[in-house]
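To keep things clear, I will list the structure first and then write my remarks on it.
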Amino acid sequence: MELIVEDAEFVTMAGGAGPVEAMLVRDGRIAATGPAGAVRAASAPGARVARLDGATVIPGLIDAHCHVCDVGYLASAADCSQPSAPDIPAIQARLRDAAGRTPHGSWVTGGGYVEYKLRENRHPTRADLDQAVPDRPAVVYHTSLHACVLNTAALRDAGFAEMQPDPPGGAFGRDREGRLDGVIFEGPMFALFERNLRHDLARMGAAQAARVIEMAGQRLAAFGVTAACEADMRRDSFGAFAEADANGLLSQRIYGLVVHDQVDWLLGAGLRGRHSGRLAAEAVKIWADGGMSSRTAAIHGSYPVPPFGSGILYFERDLLTEMVRDFDARGFQVAIHAQGDRAIETVLEAYTALGAAGNPRRHRIEHGGAMYPPLAVRAAALGIVVASQPGFMSTLGDGFAAAFGDRSDELYAFGSWRRAGITVAGSSDAPVITADPLLGLRDAVLRRTGDGLVLGPAERLPVADALDLYTTQAAFAMHREGEIGSLEPGKLADFVVLDRNPLRTDPERITDIRVLATVLDGDPVHQSEAVFAG
Ligand SMILES: [Zn+2]
């Protein structure tokens, strides 16, 4: 079956091609693009025609670093987001409901609240949660995933003591007497989320685990995302992705960055490489340091704000170099989380030790927050690919400014990186922030924090370059530039229909652009309007 898409504006990201007024899709691939008459002439008799009424067609958006499984896990929790749950009694009601369908042995789980959007204008407390779920552990995650609230049973189950002191890289909310009020910030919150996710995944049947992935896929498809690098692929999550794939429930192409200590399992199980057209495990993920918001990114110097210190480096240079050399020798692409300048320097030294010119495996740095311009020059010389997150600007940027002071203008220096010749792949790091690539697109252009500060005006990107991050550049970062990332004959028919052209939209309005349909392999995986008939 053939499909002609016409009466649309095409942003092909292909470059150099003549005017594109229509696109022909055949067997899940793009068969032709060009003037409407030429595309019609190339089609077989009986081809379906979709006239898009002037809407805009762009390549499917690619999220080069996303915790897809975590997104699905949170999406399947009780909806405690605002305005859906406007106040604490509404959150309590959602948790009561959830308690009825949560198997014993798992925590009753809610997600998505924002304290300042609640009518009470505060975090819920353990006392609020105890009223709803008195007799078993319950948790509600903040939408930022940088805080959560536990009831008394959950505090006990997690082993937190009443007067527990704050750990490095984290904090506890407290009542007037200094006892824990149930709210947990940063470090211990991340550990808890990870623990609960792994615990619950292990207890789920295959169908339920696949449902988690399906829910993540629906979320991402609604944002126009057609491919994603899973930044934290493990044995349990791979099983969930594989089950979803086998049942036709994957709405994205998933490229797994397999956590380094799971590689022996991956190889032993014979699951390395392409599992299907939609699931692959070809890269290895390593963490070199901590995070920017928790101020655990390894930096030169020290933080002027709690927990002070210089951050955490997980591996000394020689050990990291040995790991990188080993994975490289076994043919893996390596993706290393590195945020602070000290960590980035260590990673660049490890990559330098490989000695191969041009970085043929496309080894990556994930995030690269404090990859200041001199470090960027070194990364460019090595041909390192950086997967980074423009959307952190509006969501976390004020925290960066507090922690980095004068140097905050040089953080996430997308302009300098691009000028140095680095491939910069766009990504969200969801669920740390929303998976919506339009937010990243806007922030790459504006670089404005929540408080209205512009971080590094010289690092702003023109909107076409920003779109490049989420299309051609991200495709390159996952070795798929021959298949996705632009609308060209021969490539897979992954595309998004938008209600207007982001290249001709006031940057302030980019996040108002609506995704009308998301198409993978020529088939709609999401439609907010009936763009394509059945
Ligand atoms: Zn991440």
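The values are calculated or read from the model by the stated rules, or taken from the named source; none is laboratory data. Just so we're clear, the structure is a prediction, and the values are computed from it rather than from any experiment. Cβ placement follows ideal geometry from the backbone for every residue including glycine, while neighbour counts extend to all protein chains displayed. Surface areas here come from the heavy atoms of the whole protein model, side chains and all, with no ligands, DNA or RNA. Shrake-Rupley method; radii C 1.70, N 1.55, O 1.52, S 1.80 Å.
Before moving on, here are some points about what is shown:
- Estimated 222 nm signal from helices in the chain, with DSSP H stretches of n ≥ 4 weighted -39500 (n - 2.57), rounded to 500: -9500 deg cm²/dmol
- Whole-Hz Karplus values for region 213-229 come out as 5, 4, 5, 4, x, 5, 4, 5, 5, 5, 8, x, 8, 10, 8, 8, 8 Hz, taken residue by residue from phi with 6.51 cos²θ - 1.76 cosθ + 1.60 and θ = phi - 60°; glycine and proline positions read x.
- Radius ratio Rg over Rh of region 173-240, counting only Cα atoms, Kirkwood formula for Rh: 1.13
- Of the peptides 267-275, 147-155, the ranking by mean beta-carbon count within 10 Å, highest at the top, reads 147-155, 267-275.
- Computed in the context of the full set of protein chains, the accessible area of region 266-352 at 1.4 Å probe radius has 52% of its extent on carbon or sulfur.
- Counted by Cβ distance under 12 Å from N247, the other residues give a net charge of -1, where Lys and Arg count +1 and Asp and Glu count -1.
- A simple charge model with +1 on the Cβ of Lys and Arg, -1 on the Cβ of Asp and Glu and nothing else charged puts the dipole of the chain at about 440 debye relative to its Cα centre.
- Sum of side-chain charges, G37 neighbourhood, beta-carbon under 14 Å (Lys, Arg +1; Asp, Glu -1): -2
- Count Lys and Arg as plus one, Asp and Glu as minus one, and take only other residues whose Cβ is under 12 Å from that of M204; the net charge is then 0.
- Phi angles across region 330-338 convert, under the Karplus curve 6.51 cos²θ - 1.76 cosθ + 1.60 with θ = phi - 60°, into 3J(HN,Hα) values of 8, x, 8, 6, 10, 10, 10, 5, 8 Hz, Gly and Pro given as x.
- Cα-based equivalent ellipsoid of region 340-380: semi-axis lengths in Å, sorted from largest, via gyration tensor: 17, 10, 10
- A Stokes-Einstein calculation at 25 °C with viscosity 0.890 mPa s, built on the Kirkwood radius of region 1-128 over Cα pairs, returns a diffusion coefficient of 129 µm²/s.
- For region 36-102: span of alpha carbons on each principal axis (Å, largest first): 61, 27, 22
- Charged side chains reduced to their Cβ positions (Lys and Arg at +1, Asp and Glu at -1) give region 277-329 a dipole of some 280 debye around its Cα centre.
- Calculated accessible area for the chain comes out at 38 Å² per residue, all protein chains present (probe 1.4 Å; ligands, DNA, RNA ignored).
- Each semi-axis of the equivalent ellipsoid for the chain is √(5λ) with λ an eigenvalue of the Cα gyration tensor; in descending order they amount to 37, 29, 23 Å.
- Other-chain or far-sequence residues with amide H under 5 Å of L279's (modelled H): I254
- Derived scalar couplings ³J(HN,Hα) [region 95-110; Karplus, 6.51 cos²θ - 1.76 cosθ + 1.60; whole Hz; x for Gly, Pro]: 5, 4, 4, 4, 4, x, 10, 8, x, 5, x, 10, 6, 5, 10, x
- Amide H contacts under 5 Å for D181: G173, R174, D175, restricted to partners 5 or more places along the chain or on a different chain, H placed in the peptide plane at 1.01 Å from N.
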